[in-house]
Amino acid sequence: MSLMDSLLQQVVGAVSEEHLDNAPAGVLGQSLAAMFHSDQTPPFASTVSQLFGQSNDLQRAGMLNQLLAAAGPALLSQMMSGGLGRVLQPGATQVTPEQASQLSPSDVEAMAAQAEKANPGVVESIGHFYAQHPTLIKTLGGAALAIALAKLREHQQG
């Protein structure tokens, strides 16, 4: 973590706890989607991969199922040639927590990149998923957290 990231984390730390925990899920989901779209944060797929790495198996499965639902059947079949094909039976459309535990963050990064390219709306879907898990958002680092909080504040003031 860079010095700037560390300082940002400290500055927004106390505020983020209260704002993230008390924000309405819909507003927080929109704020997270805006953060994912920001050119000041890592690409969507990279951020999702990072969050996947910090998640428990139940959260991993939930996020992957959101990703797969947003991706649609055509993209799902493409993803089967990658890491997903190692854990998901042909024709299946849902990932269990046990199956999710067998995927690496790099597998998920590739899947998220494919899904975003095929359906940009997946970013909003994943933003709304993570709005249900604000504790995970706090693991993103100061810069991403500051952007999410700024977007949240804009929604609350506007």
Residue pairs within 6 Å by beta carbon, gap of at least six or interchain, first lying in region 124-138 and closer than 21 Å to A70 by Cα and basic (K, R), second assigned to a helix (DSSP H, G or I) and modelled with pLDDT of 90 or more, listed first then second, are none
Considering residues that are surrounded by fewer than 20 Cβ atoms within 10 Å (Cβ to Cβ) and closer than 13 Å to P134 by Cβ, the number found within region 27-38 is 1
Across region 39-52, the tally of residues that are farther than 16 Å from V122 by Cβ and in a helix (DSSP H, G or I) stands at 1
Note on region 87-105: residues surrounded by 15 or more Cβ atoms within 10 Å (Cβ to Cβ) and within 15 Å of the chain's Cα centre (by Cα) are A100, P105
The lone condition T93 fails out of (1) among the hydroxyl-bearing types (S, T, Y); (2) modelled with pLDDT of 90 or more; (3) part of a loop (DSSP other than H, G, I, E, B) is (2)
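For (1) part of a helix (DSSP H, G or I); (2) modelled with pLDDT under 70; (3) within 28 Å of R86 (Cα to Cα), each residue gets a yes or a no:
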site	(1), (2), (3)
D107	yes, no, yes
A113	yes, no, yes
E116	yes, no, yes
A146	yes, yes, no
A150	yes, no, no
E154	yes, no, no
ask   = Can you find a residue in region 24-38 that is farther than 18 Å from I126 by Cβ, modelled with pLDDT of 80 or more and in a loop (DSSP other than H, G, I, E, B)?
value = no
Contact list, first residue from region 105-116 and within 14 Å of S55 (Cβ to Cβ) and small (G, A, S), second anywhere and modelled with pLDDT of 90 or more and in a helix (DSSP H, G or I), beta-carbon distance below 6 Å, six or more apart or interchain, is A112/A45; A112/V48
Those residues of region 73-84 that are surrounded by 14 or more Cβ atoms within 10 Å (Cβ to Cβ) and either closer than 22 Å to L58 by Cβ or touching a residue at least 40 places away in the same chain (Cβ under 8 Å) (or both) come to a total of 5
If we keep only residues of region 39-54 that are within 10 Å of the chain's Cα centre (by Cα) and crowded, with 18+ Cβ neighbours inside 10 Å, then the residue nearest to Q99 (Cα to Cα) is F52
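The values are calculated or read from the model by the stated rules, or taken from the named source; none is laboratory data. Model, not experiment: these values are computed from the prediction. We place every Cβ from the backbone using ideal geometry, glycine too, and count neighbours over all the protein chains shown.
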